[in-house]
């Protein structure tokens, strides 16, 4: 990697840029803002919704195309205009809603906005600790309603997700695979989040949209990520780095393993790499 040839940084949030507890440290803010001042484009690439990521994007001063919902949406920030979106078939989401009703596992769906109301909305069918936990984690509280009825009127959804422990997720995945197969992309983006999106969705595809928008080549980008949903982005970028707390297969795929998110690993690497 030649520092002089790098023009952009693709940054996963949870487990990578954010310290444990979902905290953006002062050191990380200072380093990334300095990178921006030196002309580097900061591309947030997260499974979070736009609203849930805004409190991390804004302090960094990052502007331009940002990747949300694991790549299902690429938005031009800070304005929020949608550059691209890839929707999950409502029938696939309805099957998952039925599965939720049968098993009692909490399930929620992100719906795209309309011409009359462009706001993205989140819906679930019941209250519960999972709904509260998601609100505490993201600041977004799911509205309550009939998901099957809402999906019957929808052209598709941005993503849907089960909130459950890992062993419960493991029991659900074979059922989803058997029914939906290659039509969906399934990703564990947080320990208790099992997300279902359209098969064409990935952070890698989102990064390609962002790079095209910025007229930046892959060899001019370093991507940082820690989870399996980051793998397509690490491949799409010319260079990749994983924190030491990343999953083993992610570290194996990365060009370099840096310090953990608890050690401000991204900031420490950038300080040395760019001589900040």
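How far is it, in nm, from the label point at residue 165 to the one at residue 135 when both lie 7 Å from their Cα along the line to the Cβ?
In this crude spin-label approximation the distance works out to 2.4 nm.
Given N residues in region 90-198, what is its alpha carbon radius of gyration divided by 2.2 N^0.38 Å?
1.00
Work out how much length residue 127 to residue 182 would gain on full extension: take 0.36 nm times their residue separation and subtract the Cα-Cα distance, in nm to one decimal.
Extra length available between residue 127 and residue 182 comes to 16.7 nm.
Along Cα→Cβ, 7 Å out, is where each label goes; now give me the distance between the ones at residue 252 and residue 155 in nm to one decimal.
Calculated label separation equals 4.2 nm.
Please sort 169-181, 216-228 by packing, taking for each peptide the average over its residues of neighbouring beta carbons within 10 angstrom, highest first.
Highest-to-lowest ranking by the protection proxy: 216-228, 169-181.
Roughly how large, in nm² to one decimal, is the mean projection of the convex hull of the alpha-carbon atoms in the chain?
Quarter of the Cα hull surface area: 13.5 nm².
Using a 10 Å cut-off on Cβ atoms, rank the peptides 136-145, 260-269, 63-72 from the highest mean neighbour count down.
So the order, starting with the most tightly packed, is 63-72, 260-269, 136-145.
Given 0.36 nm per residue, what is the gain on full extension from residue 213 to residue 235 after removing their alpha carbon distance, in nm?
Result for the pair: 6.1 nm of gain on full extension.
Hey, fewest Cβ within 10 Å first, where do 35, 157 land in order?
By the 10 Å Cβ count, ascending, the order reads 35, 157.
Could you order peptides 82-89, 208-215 by the average number of other Cβ atoms within 10 Å of their residues, highest first?
82-89, 208-215
Using a simple spin-label model with points 7 Å from Cα along the Cα→Cβ vector, what separation in nm is obtained for residue 82 and residue 262?
4.0
For region 83-179, what relative contact order do you get, as a whole percent, if you take Cα pairs closer than 8 Å and at least 6 residues apart?
RCO, region 83-179: 36 percent.
Rule-based calculations on the coordinates, nothing more; no lab input. Remember, it's a predicted structure, so these values are computed and weren't measured experimentally. Reconstructed Cβ throughout: ideal geometry from the backbone, glycine too, with neighbour counts over all protein chains shown.
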